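Presented below is the structure to which this report refers.
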Amino acid sequence: MSFLSNLFKFGSQNMAIDLGTANTLVYVQDQGIVLDEPSVVAIETINGQTKVKAVGDDAKLMMGKTPDSIQAIRPLRDGVIADIEIAEEMIKHFIRKVHGKKSLFRYPEITICVPSGSTSVEKRAIRDAASNAGASAVYLILEPMAAAIGADMPVTEPVGSMVVDIGGGTTEVAVLSLRGLAYTTSVRTGGDKMDEAIVSYVRRHHNLLIGDSTAERIKKDYGVAVAPADGIGESIVIKGRDLVNGVPKEITINQGHVAEALNEPIGAIVEGVRIALENTAPELAADIVDQGIVLTGGGALIAGLDDHLRDETGLPVSIAEDPLTCVAIGTGRAMEDPIYRGVLMTA
């Protein structure tokens, strides 16, 4: 039996997957990150039969623009799998894309990161999705631990350090020491909630309906955590549907408006950090005063968020070198480096 399993593993490359609400990144052993695509699957229904039409970048382009026969679905919500069958198809597609057609003898070990607030049912769903996609073994790692490893934080030493990973669906706040999480909290607020807040603000104040893709573009290009000094900042032209007349329309808003729209989701993230600090043991809290807080994830790129957190907590706050890939790199390192093997779990 062991001979057969070794034969199947021959030529296989172990993979680490950052299965994110917004994007999925795949890290291949000894190669680094080889794939970074949106976590979107387009399903086409013809005569009652459904099949996958597109995955990743191609499917993302279809969001909000599909006819009745095609659905663009995001299989993950708030960092966990909402639709297991679609998630399986997505993982299979990414594995095939990374390994190419020559996947007859390839049964890699896969390490996947999960939010710290995941229930055992949610963890099992992720493990089953990866197993059904062809993994010989599945390991899980908690997202804040992966983010900290990717950001080169001293997670194996007896030193307290704090990481805030702001993803698409959740914000993970954790205090780490000695390969473990001394305290962790998962706030169900992230990039998606920020997009929703912008859509809701424009609808409420300007009677204009915009799509999620437009809101995401506004957040990425003009998002600010605090209103500019003059209260206005840059102007942004946005297009959508006028809710009064029902016709397409163009309006202009500014960064002050965007800051106002993002006030609530950013406030929830700050509150999550405060709660984590209140629940941290005194010795670890003393270390955090020296080490500071490290921000990772796409949300860390919101302009002025680090300064805003610094003002709110009084602690040094820094942004990881490459916040978007921290979790994927950390998951890959945990898979490759024996030092971190203790942080991996089996569901």
Is it fair to say Ala146 is modelled with pLDDT of 90 or more, hydrophobic (A, V, I, L, M, F, W, C) and closer than 18 Å to Gly297 by Cα?
-> yes
Residue in region 285-306 that is in contact with a Phe, Trp or Tyr (Cβ under 8 Å, 6 or more places away or on another chain), open to solvent by 20 Å² or more (accessible area, probe 1.4 Å) and of a type outside the set (Val, Ile, Thr) present | no
Which of the residues that make up region 259-279 are within 29 Å of Ile236 (Cα to Cα), aliphatic (A, V, I, L, M) and either free of Cβ contacts under 8 Å to residues at least 40 places away in the same chain or open to solvent by 50 Å² or more (accessible area, probe 1.4 Å) (or both)?
-> Ala259
Output the residues belonging to region 184-209 that are assigned to a helix (DSSP H, G or I) and over 17 Å from the mean Cα position of the chain (by Cα).
-> Ala197, Ile198, Val199, Ser200, Tyr201, Val202, Arg203, Arg204, His205, His206
Hey, among Asp230, Asp212, Asp221, which residue is among the acidic types (Asp, Glu) and more than 25 Å from the chain's Cα centre (by Cα)?
-> Asp230
Evaluate the following for Thr252: is it of a type outside the set (Phe, Trp, Tyr), under 20 Å from the mean Cα position of the chain (by Cα) and farther than 29 Å from Val163 by Cα?
-> no
Please name all residue pairs, on different chains or six or more residues apart, with Cβ atoms under 9 Å, provided the first residue is in region 74-93 and is more than 15 Å from Val121 (Cβ to Cβ) and the second residue is open to solvent by 60 Å² or more (accessible area, probe 1.4 Å) and of a type in the set (D, E, K, R).
-> Pro75/Glu85; Pro75/Glu89
Hits in region 1-32 (condition: open to solvent by 60 Å² or more (accessible area, probe 1.4 Å) and either at pLDDT 90 or above or out of contact with any helix residue (DSSP H, G or I) (no Cβ under 8 Å at 6 or more places or on another chain) (or both)) = Met1, Ser2, Phe3, Leu4, Asn6, Leu7, Phe8, Lys9, Phe10, Asn23, Gln31
Within region 193-206, work out how many residues are open to solvent by 20 Å² or more (accessible area, probe 1.4 Å), in contact with a helix residue (DSSP H, G or I) (Cβ under 8 Å, 6 or more places away or on another chain) and charged (D, E, K, R).
-> 2
Checked region 214-251 for anything out of contact with any strand residue (DSSP E or B) (no Cβ under 8 Å at 6 or more places or on another chain) and small (Gly, Ala, Ser); matches are Ala215, Ala227, Ala229, Gly231, Gly246
Would you confirm whether any residue within region 214-224 is hydroxyl-bearing (Ser, Thr, Tyr) and under 16 Å from Gly168 (Cα atoms)?
-> yes
If you go through region 34-65, how many residues are β-branched (Val, Ile, Thr) and open to solvent by 50 Å² or more (accessible area, probe 1.4 Å)?
-> 5
Within region 262-281, can you find the residues that are among the β-branched types (Val, Ile, Thr) and over 19 Å from the mean Cα position of the chain (by Cα)?
-> Ile275, Thr280
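The values are calculated or read from the model by the stated rules, or taken from the named source; none is laboratory data. Since we're looking at a predicted model, the values are computed, not measured. Using ideal geometry, Cβ is built from the backbone for each residue, glycine included, and neighbour counts are taken over all protein chains shown. For the accessible areas, the whole protein counts, side chains as well, though only heavy atoms, and no ligand, DNA or RNA atoms are used. Shrake-Rupley method; radii C 1.70, N 1.55, O 1.52, S 1.80 Å.
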